[in-house]
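Report on one structure; see the data block that follows.
Just so it is clear, none of the values below were taken in a lab; they were calculated from the coordinates. What you see is a predicted model; the values in this text were computed from it and never measured. Here the Cβ positions follow ideal geometry from the backbone for every residue, glycine too, while neighbour counts run over all protein chains shown.
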Amino acid sequence: MKVIIYINTVILAVVVNMLSLIMYIYLIKEGNVVFIMFLVLIGVVNRQIIDNGKNLNKKKKTIIYSSFFLMLAIGLAYGTYYYKINI
């Protein structure tokens, strides 16, 4: 199972980041702000994917990093916008 996961590293990392962004937006709408601790876990998962991935060049690593930081930026921007509107 691990071999299959680490072969498609870029797809796996982007899917993990997209799912965590969807969860982040949902939890902001529900009022749970405790999710910030979960972002640390997503960063650790991305790092494990990069460390154990096969055939990763600089371009693939950049895609994984940029998808993570894009997820963070969109989530934080949405949280700021949502709380500014509801106050």
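Here are the numbers for the structure shown:
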read-out	value
Residue among 14, 10 that alone is part of a helix (DSSP H, G or I) and in contact with a Leu (Cβ under 9 Å, 6 or more places away or on another chain)	10
Members of segment 60-87 that are closer than 22 Å to residue 9 by Cα and hydroxyl-bearing (Ser, Thr, Tyr)	62, 65, 66, 67
Filter result for residue 29 (within 15 Å of residue 11 (Cβ to Cβ) and in a helix (DSSP H, G or I))	no
Condition met for residue 41 (loosely packed, with under 11 Cβ neighbours inside 10 Å, closer than 17 Å to residue 22 by Cβ and free of Cβ contacts under 8 Å to residues at least 24 places away in the same chain)	yes
Test for residue 49: is it in contact with a Ser or Thr (Cβ under 8 Å, 6 or more places away or on another chain) and either in a helix (DSSP H, G or I) or among the polar types (S, T, N, Q) (or both)	yes
Within segment 52-87, tally of residues that are more than 22 Å from residue 41 (Cβ to Cβ), touching a helix residue (DSSP H, G or I) at 6+ places or on another chain (Cβ under 6 Å) and part of a helix (DSSP H, G or I)	1
